[in-house]
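Have a look at the structure below, then the notes.
Derivation of every value follows stated rules applied to the coordinates shown; laboratory data play no part. In this text, all values refer to a predicted model and were calculated from it rather than measured experimentally. FYI the Cβ positions are ideal-geometry reconstructions off the backbone, even for glycines, and counts take in every protein chain you see.
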């Protein structure tokens, strides 16, 4: 009888030890997911209080970029039991469609996406975009909700997005800001030359430099410091830098002109400002994604353009 009790007691102890060991392994695995080493692949999730982003280990197993994106989206929506991070895609938000054209990934979400609070939505978008562009074959994303293009708080279509649209978000809040001095080119009084203007700006850390520059050009110069080169009714659909080329996508309002300047002044105010202020060496301007355009039958936009100081007033060499 005593031996039988000892036998059952040993089995219970062995069982408890096994359970504890499994729990320790599970806890260790969970804790390791937020400890990302340089050589480990990862995705971005929201931190525990959903105020910033954190890296979480994740291995892409699929070689096909679309299948890899679909698998990653499931992971980004999977609830987390770890208190250090939460899934960026909230419960109830579904991915209606995920389509890849070239390296452009189109994501359409269910209507519940609109219920995400504005600040949190920016973080969700940052996590999704910065995670998916880590897949070979995916370099830029386009968001829509129930078939309608996603818009910002001003009602403008967000358009193309990549990791450059969400700088300095990891581990910090989207409420942080940074400062910069921009060199922008606006029109002179007669509209036939560009004038250089230096502008000190404070901007959100989730905005890329190239997007900031284009938006400042669209707003126009400071008072008594030049004249506008872009119709203020134009909408910026997307701006991104890849392989040294800055791609600027504008809506068709851009083709109507709306400003009294030479066509070259409008184009090279954009080109010169972006080459001056970013890592890009060329600029490709498109309208609704179309590049086979001649702006006002004067400037050929089919190829990326380099900066041209011959249009700048009082530039050296004139």
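Maximal additional length on extending the residue 41-residue 281 stretch stands at 83.4 nm, based on 0.36 nm per residue less the C-alpha distance. Only bridges with both residues in region 177-311 count here: give the DSSP antiparallel percent, nearest 5. Restricted to region 177-311, the bridges split so that about 80 percent are antiparallel. The calculated Kirkwood hydrodynamic radius for region 177-311 is 14.7 Å, given to one decimal from all distinct C-alpha pairs. For region 33-165, the percent of C-alpha pairs falling in each 5 Å distance bin, counted from 0 to the bin holding the largest distance, reads 2, 11, 21, 25, 22, 13, 5, 1, 0. A straight chain from residue 178 to residue 64 at 0.36 nm per residue would run longer than the Cα-Cα distance by 37.2 nm. Restricting to bridges with both residues inside region 33-165, how much of the DSSP beta-bridge set is antiparallel, in percent to the nearest 5? Counting DSSP beta bridges with both partners in region 33-165, the antiparallel share is about 75 percent.
Of 73, 123, the sequence from fewest to most neighbouring Cβ atoms within 10 angstrom is 73, 123. With neighbour counts taken as other beta-carbon atoms within 10 Å, the residues 44, 247 rank, fewest first, as 247, 44.
Full extension of the chain between residue 188 and residue 49 gives 45.0 nm of extra length, using 0.36 nm per residue less the Cα-Cα distance. The order of 271, 60, going from fewest to most other C-beta atoms within 10 Å of their C-beta, is 60, 271.
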